[in-house]
Amino acid sequence: MIDGTHATLLAATLALAASAFGQQIDVSTLPPREGVQLTIYNSEDLTLVRERRTVTVAKGQNELQFSWANTLIDPTSVEIEFPRAKGGSLEVLDTRFPFDRPQALYWNVRSDFDGEALVEISYFTSGITWSADYVGVTSDDEASMTFDGYVAISNNSGADYSDAQVRMVVGTVNLVEKVRELAERNLLRQQTGGVPPWQKEEGDKVLEREAFKEAIVGAARPNDELSSFYFSSGAPPEIVKEGLSEYFIFTVAGTHDVKNGWANRLRLFEGTNVPVKTVYRYRPMEYGEQLVKLFLVKNDTASTLGDSPLPDGAVRLFRRQSTGGLSVIAFVPTKYVPIGQEFEFNLGRDPQVLFERLATRTWRDDFWFKRGNQDKLYSPTKGDRVNENDTVVGWSDHYGRVERIRNYRGAPINVEFRFPIDGDVTFVSSLNPTLFDFRTPDFKTTVGAGERKDLAYELVTRQGSNATQNAVKLEAAK
Amino acid sequence: MHSTRHSTRHATRHLGGALSALIALALLAPFATPTLPGAAADVKLIALPKRDRVEIQLDVPGLTLIEEERTIPLAKGANDVVFAWANTAIDKSTIQFRCMSDPENVQVISVSYPPNENALTWQVSSPTAGPAKVRISYIIGGVDKSYEYRAEAANDEKKLTLWQYVQLHNRTPESFGEADMFAGYGERLERPIGANETRKILAAKFENVPITKTYTADLAQHGYLDPAKRQLKIPMHYVLKNDAANGLGRFPLQAGKARIFIADGKAEGEGTTAFLGEDWAAFAAKDDELKLFLGVAKDIVVTRTIERRDRKKTAGPLSDYDIVVKYEIENFKDQPVSIDLAESIAGLRAEVLGDAPRAIEWVLGTEGSLKTPDALKSTSDRVLFHVDAPARGADQKAQKKTETLNIVLKNEW
């Protein structure tokens, strides 16, 4: 099995004529399973099961039956191969999906010989999932942390897999149809005597999916007591990490029992002395209208990490107190992190760092006027005389602004700003800004412990006929 | 009017030895008035011929043609041949009767359609008594085909093996026995197809098909992966060309689901494959490309920003807009990759200027690092460049490569 009674492979040799109309095949043998491999994907509810069995075939045409009662196997994915067959000695002529046995198929196999043949059967199943989670404990000064990764495997597929090699794939696979829906389509056909799934209420489907999701999420909660991995080997098994195409494959050493309804949690890696950079950012595009605190960590060997990408998952962050105890910093999600990339934990607002955006002054200048229907514009700044009935058509607004930070922490903090400004604008300051893009200034500063710092700048926004661009220019304050 | 000479009870039997055949073909004695199975009629059942063979023509999507051959014993003179069916979506107007053994002399004199019955009666004249081979053809619903592909890439992702399967779906309660099927191209397939049964058959296998793996950065087509950070979504594809030079090109590749695997690179006999994903493969005519979507790259990071937007007044209300688009590329893989960097001119214009109901006049500026677009694949609306991104270094650092594209939008107002 797929153990027990869930999925079976039966072999029968038949005369060609007898198989022609899909007659039921009598059981002849139930070949023993020689190995099973589970490749579990975390981006989709998908597991590729590959199992090997030896069947006895007769020269001529053979019919092999494969059936899978009460499991979540996608019938369209079931395939058979003959790994050690000499070229062309075994050939699948066709695959038959009979109506009267919804969870079964028959392979029509031609053999050049009488004897035993190794077959490898692969299929997708739903209901086996894995997920990553992390625990980080920072030093008291938050300059470094221990950072441990875990993987949790849960099986709600309806089938037990004994002595299975377990592989987990890190990366996103594209599926055009959900495995569970394909499996359920078949199950439903069996249960309802042929009522196709598309006749079901959509609401029912949603509820089913939600119920399943809840079951999976619930089952995936780490529970070391349930770990047959630990029991079977007596020690945490090694997890071998290998890259393949765009993916990383974590292979759990040895074979393990993956039982239906059980969850297992294994340690993926231990980061022992991971440098942590703390930064505060005001970037409304990324973090909303607030100054947030971030931990920046690199997934590389210099950080005692970097032997694989980090799969997305939940992170629990704690701070080690000088007393030896822990305090909670945040529970946050993290996205997939490639090897070598810096990643961040958004810890939200820091109550010890206060941030205010102040408008300090507003004034106007560089007025341009239009007189009657004349095309010519008049500027008092250029020495033109203007009349009371002239119309204002161009001017420049000046806004004095201050970004104020009060740091009540016991150490200096680094603060970074990046925010877009619309219009034809000059950003005048002594803040040594750069441009992130044509309308987004970017600047940074350090605020000492207990210090209040005001970052002042002036925005000159050209209006009316004065506006010729829609971009920000940087200008040093005089 | 019923002939008084025939007074035996009507009988209906399944035909062809199938599990649940519901198409009945009955022969009535010469000059018998058409009478239908299921109707209370007194007719003599002369013979109930089995199908000799069945052909299923699946070459026209949505119009599946069944042609069945039977040998019927005809009496000299006129014979009534009744054709009836139940629970099967046969298009009555398409049913044809042809005599293959003596088409010159065995002729259909008339066809009668009784009201409210899925049946018809041919009145057939025969110059002699004896067996005649006839072919009955009709369009049927519920019998169709679909295609499925399995693509297995070599570990280095330079070549793949492509299996094409045709799946024959019989959603009718009629069994067609050992049917000769034609899917529209390739070899004819001879397989039994039972009632409500699906058959999956390997139609073609192509080995060592060269592939190109592409990474595409194209904001207009694929959008952002992380809009706040201006990080573009980078879809990956295997691109195959359906021509003889690339081991394909025997026929158009029909649309169907493709499951994509990759060899894990272990020794022969030891290795297995890993599943990479699946895609709906679009129809690929001969000489056309087939692109199989592999998902979104997570180890290639491309951020795109508008570095410059400079309006230059030219004449009257007219202005040129000098725009520099900056791409920062980081490859966190341990293999170098080539990235297809595409920019939609209409998308760029909308982004920096808004929409305008006029064609866009533009030139490539001189200041960008991207100077030579792919001439074959670039158009007036989309400019495409190929950019190499080096693998991350031994220190695991990804080298940040910056490319700039200078586009000048001309004569805007």
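Bear in mind that the values in this text are calculations on the coordinates, not laboratory data. In this text the structure is predicted, and so the values were computed from the model without any measurement. Neighbour counts are summed over all protein chains in view; Cβ atoms, including those assigned to glycine, are modelled from backbone coordinates with ideal geometry.
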Determine how many Å³ per residue the convex hull of the Cα atoms of segment B:300-412 encloses.
98
Sort A:Phe443, B:Phe251 so that the residue with the fewest other Cβ atoms within 10 Å of its own Cβ comes first and the one with the most comes last.
B:Phe251, A:Phe443
If you add up the charges near B:Arg70, with Lys and Arg at +1 and Asp and Glu at -1, over every other residue whose beta carbon is less than 12 angstrom from its beta carbon, what do you get?
+2
Could you please rank B:Met100, A:Met145, placing first whichever residue has the fewest other Cβ atoms within 10 Å of its Cβ?
B:Met100, A:Met145
Determine ³J(HN,Hα), in whole Hz, for all residues of segment B:348-360 in sequence, where each value follows from phi through the Karplus function 6.51 cos²θ - 1.76 cosθ + 1.60 and θ = phi - 60°; x replaces Gly and Pro.
5, 4, 4, 5, 9, 10, x, 7, 8, x, 8, 5, 9
Using a cut-off of 22 Å between alpha-carbon atoms, which lysines can reach B:Lys313, once sequence neighbours fewer than 8 places away in the same chain are excluded?
A:Lys370, A:Lys376, A:Lys382, A:Lys473, B:Lys410
If you filter segment B:73-164 for trypsin sites (Lys or Arg not before Pro), then keep DSSP loop positions with at most 15 other Cβ within 10 Å, what is left?
B:Lys76, B:Lys158
What GluC sites (Glu not before Pro) does segment B:187-218 have in DSSP loop regions with at most 15 other beta carbons within 10 Å?
B:Glu187
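What does the highest-first list of A:414-425, A:57-68 look like by mean Cβ count within 10 Å?
Values: A:414-425: 16.8, A:57-68: 19.8.
Going from most to least packed, we get A:57-68, A:414-425.
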For chain B, set up a Gaussian network in which alpha carbons nearer than 10 Å are linked by springs, and say which option among B:Tyr138, B:Tyr147, B:Tyr321 fluctuates the most.
B:Tyr321
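Hey, any idea what the orientation-averaged projected area of the convex hull of chain B's Cα atoms comes to, in nm²? Write out the running numbers ahead of the final one.
Details: hull surface 124.4 nm².
Averaging across all directions leaves 31.1 nm² for the Cα convex hull.
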Across A:171-181, the residue-averaged tally of Cβ atoms belonging to other chains within 10 Å stands at 5
Cα extents of the protein assembly as shown per principal axis, largest first, Å, are 122, 85, 50
Partner chain Cβ atoms within 10 Å, averaged over the residues of A:333-340 - can you pull that number for me?
5
Rounded to whole Hz, the Karplus (6.51, -1.76, 1.60) HN-Hα couplings of segment A:41-58, x for glycine and proline
9, 9, 7, 9, 7, 8, 9, 8, 9, 10, 10, 10, 9, 10, 10, 9, 10, 10
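Which entries of B:Lys241/B:Lys266; B:Lys159/B:Lys298; B:Lys298/B:Lys397 show an alpha-carbon separation above 19 angstrom in the structure shown?
On the way: B:Lys241/B:Lys266 28 Å; B:Lys159/B:Lys298 23 Å; B:Lys298/B:Lys397 16 Å.
Exceeds cut-off: B:Lys241/B:Lys266; B:Lys159/B:Lys298.
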Two decimals is fine: what's Rg over Rh for segment A:57-120, C-alpha atoms, Kirkwood radius as Rh?
1.00
Hydrodynamic calc, segment A:97-156: Kirkwood Rh from Cα pairs, then Stokes-Einstein at 25 °C with viscosity 0.890 mPa s, so D in µm² s⁻¹ is 139
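How many partner chain Cβ atoms sit within 10 Å of a residue's Cβ in peptide A:431-437, on average, as a whole number?
Details: counts 0, 0, 0, 0, 3, 5, 11.
That works out to 3 on average.
Provide the net charge surrounding A:Asn387, with neighbours chosen by a C-beta distance below 14 Å and charges set as Lys +1, Arg +1, Asp -1, Glu -1. Don't skip to the end; give the middle numbers.
Numbers: positive: A:Lys370, A:Arg371, A:Lys376, A:Arg385; negative: A:Asp384, A:Glu388, A:Asp390.
Spelling it out: positives minus negatives among the neighbours equals +1.
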Which one, B:Ala267, B:Ala389, B:Ala89, has the greatest fluctuation when you compute a Gaussian network model over chain B with C-alpha springs under 10 angstrom?
B:Ala267
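Report the far tail of the P(r) of segment A:323-471, meaning the percent of Cα-Cα pairs longer than 21 Å. It would help to have the intermediate numbers written out before the result.
Details: 6994 of 11026 pairs.
Distances greater than 21 Å cover 63 percent of the Cα pairs.
Order these by the 10 Å Cβ neighbour count, fewest first: B:Asp320, B:Asp243. Mind showing how you got there, number by number?
Numbers: B:Asp320 19, B:Asp243 14.
Ordered by Cβ neighbours within 10 Å, fewest first: B:Asp243, B:Asp320.
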Ignoring everything except DSSP H segments at least 4 long, calculate the 222 nm mean residue ellipticity for the protein assembly as shown; use -39,500 (n - 2.57) per segment, divide by total residues, nearest 500.
-1500 deg cm²/dmol
